[in-house]
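Everything below concerns the one structure shown next.
Each reported figure results from applying straightforward, stated rules to the coordinates on display, with no laboratory input. Please read all numbers here as calculations on a predicted model, not as lab measurements. FYI the Cβ positions are ideal-geometry reconstructions off the backbone, even for glycines, and counts take in every protein chain you see.
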Amino acid sequence: MPPKRIASYHNQVVSQVRAETQAAHLRSLEPYLTDSEKEIVRRGRNAAKVKSRRTSAAIYQQASSLETLIGYLYLTNLDRLHQLLDTLNIW
């Protein structure tokens, strides 16, 4: 039965890293973001110029924005990152 469990974990991870899910997470977090965090999100969105074959450009940009914010907070304010992730209830 372990392969079934491994497949289940894999599916859970994939569901969280999909651009659509990341875009939804960003929309959920927007009310909680500070002005400086919103600026990081804006800069991440503007830096995402690659076209995705699977999803719309807007969704891809939102997902890239979330990834930018997470990376920024990981490097500068881990406590704040944990606060935001707790808000999402995904970990």
Relative contact order [Cα under 8 Å, 6+ residues apart], the chain, whole percent | 31
Between the modelled labels at D35 and R54 (7 Å from Cα along Cα→Cβ) the distance in nm is 3.8
Going fewest to most other Cβ atoms within 10 Å around each Cβ, L81, L66, L88 line up as L88, L81, L66
For the residue pair R43 and R27, what label-to-label distance in nm results when each label sits 7 Å from Cα along the Cα-to-beta-carbon direction?
-> 2.6
